[in-house]
Every structure is written in structure tokens, then in C-alpha cells.
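Heads up, the thing below is written out as C-alpha cells.
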Amino acid sequence: MDLQGLINSGLTREIVVFLTAMVPVAELRGSIPVAIDVFGMPWHSALGISVAGNLLPVPFILLFLEYVQRVLRPVRLFDRFFTWLFAHTRRRTRIIEKYEFLGLLLFVAIPLPFTGAWTGSVAAFLLGMRFWPAFLSILGGVVIAGVIVTMLSLLGWTGAIIAGVALAAVAIVSVLRGRTGSQERQSLS
């Protein structure tokens, strides 16, 4: 997303934050720091606008993803996209499969790349969760993630260091878990 282009287009800062929160990879992990650090918005405005923007796509994904993918899958490009998206999402759904409502809430609440409302909505669809339990889980997760990101943004460089250390720890654990899993699979072969 071209943030400077949006700013120069005449859109208000609130609309830019709202739109940033709607974008799949950025979500509120990107919109809250933009609101607080770039625009100097009060934390409560940044949090509220970001949660609203991040939640807007959720009902559409939950209600219409089945129809959209069925209509678009005959086109090879879209078939490849949905195959990639669903495989990518399924690899991350272990916690959701195990704990369902609470698992989805926790999955969305952890403000890491590919764990937000968009991926949570796709995971809920893939796991066949009903609309209201899925939506309420995602809502709770988005609010928790928003509070975490807001607190880290308010801490400035200290928050950035904390987030960087947390991301590095998650990456290391993921790599180690991947090695252990591949070694176990090889020993079973």
C-alpha cells in the first residue's frame, strides 16, 4: 500500500488508518503504528479505527468465500491462488483445530504476520466453523491484538525491540520445530 499516495490523495488520516487496517498483511499491526507514530493520533482513536477497519472484511470472508472460490476456481490463476491460500492457511490451523473457538481467538490475537483476521477467517471457513462463533472469536482476537500493538506502539523504540525479540523467538522456535518434525518423519520412513 502506498501510504504517501493515500495521504496526498486528500483522504483524512482516519480513512487512511481504516484502509490500512483492511489490507491483508498489514491489518492493525500496520495501521496502529501508522496512526500513532505517523499521524500522532490518540491511542484510543488509533485502536478503535483500526479494529473497525480490520473487522470489516471478516463477515464477507466468512459468508462469501465458499461462493467466490467456487465461481473463480475454473480460472487457472484463481485456482492456483486458492490452492496456495488454503494450503498456506491449513499449515497454521493446529491450535484452531485443537481448541476451536478459543484457538481461533488466540490465533488472531497473536499479532504476528499471517495470524490476523484475514487468515483467521479463511481458517474458520476451512474448518467449517459456524458464522457467529467464528466472528466472535475473530472479534475478540482482533481486540486483543489491537491492545498489544497499541501498547507496543506507545512504548516507541522499546516496543519495537520487544516486538523484534518476540518475532525472532517465534522464528527460532518455528525453525527448530520444523527440523524436529522433519527428523521425526525421516525416522518413520
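The values are calculated or read from the model by the stated rules, or taken from the named source; none is laboratory data. This is a predicted model, so every value here is computed, not measured. Cβ sites come from the backbone with ideal geometry, for glycine too, and all protein chains shown count toward neighbours. Quick note on the areas: whole protein, heavy atoms, side chains included, nothing else; ligands and nucleic acids left out. Shrake-Rupley method; radii C 1.70, N 1.55, O 1.52, S 1.80 Å.
With a Förster radius of 35 Å applied to the C-beta separation of Lys98 and Val165, the computed FRET efficiency comes to 0.85.
Once both labels are positioned 7 Å from their Cα atoms along Cα-to-Cβ, the gap between Leu56 and Phe114 label points is 2.6 nm. Taking a ≥ b ≥ c as the square roots of the Cα gyration tensor eigenvalues, with a/c under 1.5 meaning rounded and otherwise prolate when a/b beats b/c, else oblate, which class fits the range 35-163? Taking the square roots of the gyration eigenvalues as a ≥ b ≥ c, the range 35-163 is prolate.
Annotation: peptides 125-132, 48-55, 27-34, ranked by per-residue average of other Cβ atoms within 10 Å with the highest first, follow the order 27-34, 48-55, 125-132. Rounded to the nearest 20 debye, the dipole magnitude of the range 75-118 is 200 debye, with +1 charges on Lys and Arg beta carbons, -1 on Asp and Glu beta carbons, and the Cα centre as origin. For the range 143-149, backbone phi angles converted through the Karplus equation (6.51, -1.76, 1.60; θ = phi - 60°) give residue-by-residue couplings of 5, 4, 4, x, 5, 4, 5 Hz, Gly and Pro being listed as x. Projecting the Cα atoms of Phe18, Trp157, Ala169 onto the charge dipole of the chain (Cβ charges, centred on the Cα centre) puts Ala169 farthest toward the positive pole.
Rounded to the nearest 20 debye, the dipole size of the chain about its Cα centre is 680 debye, using +1 on the Cβ of Lys and Arg and -1 on the Cβ of Asp and Glu.
Once C-alpha pairs closer than 8 Å and six or more residues apart are averaged by separation and normalised to the residue number of the chain, the relative contact order reads 21 percent.
Here is how the number arises for the chain: DSSP H runs of 4 or more residues each give -39500 (n - 2.57), the sum is divided by the residue count, and the result at 222 nm is -26000 deg cm²/dmol. With θ taken as phi - 60° and the Karplus curve 6.51 cos²θ - 1.76 cosθ + 1.60 applied, the whole-hertz 3J(HN,Hα) list for the range 42-48 is x, 4, 5, 5, 4, 5, x Hz, x standing for glycine and proline. Projecting the Cα atoms of Gly103, Leu127, Leu63 onto the dipole axis of the chain, where Lys and Arg carry +1 and Asp and Glu carry -1 at the beta carbon, places Leu127 farthest toward the positive end. In the context of the full set of protein chains, the chain has a per residue accessible area of 58 Å² (1.4 Å probe). In sequence order, the range 103-109 has phi-based couplings of x, 5, 4, 5, 4, 6, 6 Hz under the Karplus curve 6.51 cos²θ - 1.76 cosθ + 1.60, θ = phi - 60°, and Gly or Pro positions carry x. Atom-type composition of the exposed protein surface of the chain places 69 percent of the accessible area on carbon and sulfur (1.4 angstrom probe).
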